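Below is one structure, written out as structure tokens; the observations come after it.
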Amino acid sequence: MISRQFESTVRQKLLQTPAVVLLGPRQVGKTTLARTLATDWPGGAVYLDLERPGDRLRLEDADTYLRAQRGKLVILDEIHRAPGVFEILRGIIDDNRQAGQRSGQFLLLGSAALDLMRQSSETLAGRVAYVDMAPITVGEADAAGIADSTLWLRGGFPDSLLAAGDAQSLDWRRDFIRSYLERDVPMFAPRLPAETIGRLWTMLAHNQGSVLNQSRIASALGVAKPTIDRYIDLLVDLQLVRRLRPWGGNLGKRLVKSPKVYVRDSGLLHGLLELETLNDLLGHPVCGLSYEGHCIENLIQAAGSRRVPYFYRTQVGAEIDLVLEQGGQPEIAIEVKRSMAPSPDKGFAIACDDLQIAQRYVVYPGQERIPLRHGAQAIGLRDLAAMLAQD
């Protein structure tokens with residue numbers, strides 16, 4: 001089993017707050033992590049999978065049942081199946097506080113970020129912390145002896161990454177994509193057509209890392225422009241797609257104002273495009289932008305919530321693939337090059353000068369750190385991710 005960095009994060013949050021909401025797409029490892037915590041939690045733990053009728057039955061009188069578990073960690077998996085529980089949790093947490101128990105009471109697992117955050121923030125304000133659990137990162141894969149090329153091809157979902165071969169991995173991802181469209185889309189957005197969502201998802205894969213052109217997509221799908229926003233909102237909410245916003249400070253320059261859109265997990269991207277092997281990927285037009293998305297997703301995860309991610313592009317071509325902002329100031333500029341002899345573009349240097357960014361990095365597939373022109377440094381993905389995680 002691959003050791004996940006999120007385990008220590010969740011433990012720490014539970015020691016500080018009464019409830020923690022662990023968010024992430026299906027099959028990313030939330031349940032495995034929760035069960036690991038349950039094995040050695042002081043006072044014991046109770047695990048309920050709310051997709052099981054028997055476990056939901058225990059919550060028919062949720063107040064009585066949950067109060068009887070005082071002193072234990074109660075894990076509620078697929079919490080969206082029981083939205084009414086949030087109000088009951090508030091009362092129990094408040095009563096437990098008065099009795100001296102202030103932390104480590106409830107761990108709530110869910111797949112739809114915005115919906116869960118809305119429900120929990122409305123009823124558990126000041127009582128809950130959030131942890132976003134991503135697929136396996138480059139640092140976690142490296143610690144397990146898995147090459148970055150394998151992680152890039154198969155993505156970070158454990159069952160896909162650890163499959164016996166590339167064909168089995170792709171089969172798993174095909175089934176995963178199908179299950180989302182047949183099960184999760186109707187569950188979380190019953191009024192949205194799953195087939196059209198699937199076509200949009202595939203279209204976004206073909207246009208990985210492109211600036212969003214709603215008019216063109218709406219025309220191709222035969223829907224209105226505002227509808228595209230709702231469809232993408234769902235894929236973002238399910239943490240399957242990232243909408244990377246443009247940096248929008250006032251520099252007196254004409255900036256691109258539409259977001260870029262990425263399929264977050266590179267393995268799902270390749271599954272949508274039916275790319276089975278590394279040779280298939282290397283020969284496909286999406287190769288460069290797939291690697292860019294793979295690097296950006298890992299670097300955003302490494303940077304954590306301390307830094308806000310953007311991209312930067314002017315109408316005349318000055319561009320930075322990833323800008324990390326801290327305290328309202330652009331701090332780090334990152335360009336991605338899938339080349340063993342990387343060189344930053346002139347537009348990258350101009351953009352860095354525009355934003356007055358001194359820390360300039362070019363991520364490439366090698367391991368050696370190489371000084372480059374325009375004050376940039378070539379660096380491997382694993383090393384830069386580790387550096388960001390330690391800051």
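The values are calculated or read from the model by the stated rules, or taken from the named source; none is laboratory data. Keep in mind that this is a model prediction, so the values were computed, not measured. Cβ sites come from the backbone with ideal geometry, for glycine too, and all protein chains shown count toward neighbours. Accessible surface is based on the protein model in full, side chains and every heavy atom, while ligands, DNA and RNA are left aside. Shrake-Rupley method; radii C 1.70, N 1.55, O 1.52, S 1.80 Å.
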Checklist entry - What helices (runs of 4 or more DSSP H), lying completely within the stretch 198-313, carry at least 1 residues that are of a type in the set (D, E, K, R) and surrounded by 15 or more Cβ atoms within 10 Å (Cβ to Cβ)? => result 225-237, 278-282, 287-303
Item to check | The one condition in (1) of a type in the set (A, V, I, L, M, F, W, C); (2) in a loop (DSSP other than H, G, I, E, B); (3) in contact with a Gly (Cβ under 8 Å, 6 or more places away or on another chain) that Met1 fails to fulfil | outcome: (3)
Checklist outcome for this item: Checking Arg70, Arg26, Arg97 in turn, the sole residue that is of a type outside the set (Phe, Trp, Tyr), assigned to a loop (DSSP other than H, G, I, E, B) and touching a residue at least 40 places away in the same chain (Cβ under 8 Å) turns out to be Arg26
Checklist entry - Could you say which residue among Ser103, Ser111 is in contact (Cβ under 8 Å) with a residue 40 or more places away in the chain and surrounded by fewer than 18 Cβ atoms within 10 Å (Cβ to Cβ)? => result Ser103
Checklist outcome for this item: Filtering helices (runs of 4 or more DSSP H) wholly in the stretch 140-187 for at least 3 residues that are at pLDDT below 95 and open to solvent by 60 Å² or more (accessible area, probe 1.4 Å) gives none
Checklist entry - List pairs: first in the stretch 313-337 and in contact (Cβ under 8 Å) with a residue 24 or more places away in the chain and aliphatic (A, V, I, L, M), second part of a loop (DSSP other than H, G, I, E, B) and crowded, with 16+ Cβ neighbours inside 10 Å, Cβ under 6 Å, 6+ apart or cross-chain? => result Val323/Trp247; Leu324/Arg307; Ala333/Ile357
Next on the checklist: When the residues of the stretch 73-94 are narrowed to those that are among the charged types (D, E, K, R) and within 16 Å of Thr17 (Cβ to Cβ), which ends up surrounded by the most Cβ atoms within 10 Å (Cβ to Cβ)?
Outcome noted: Arg90
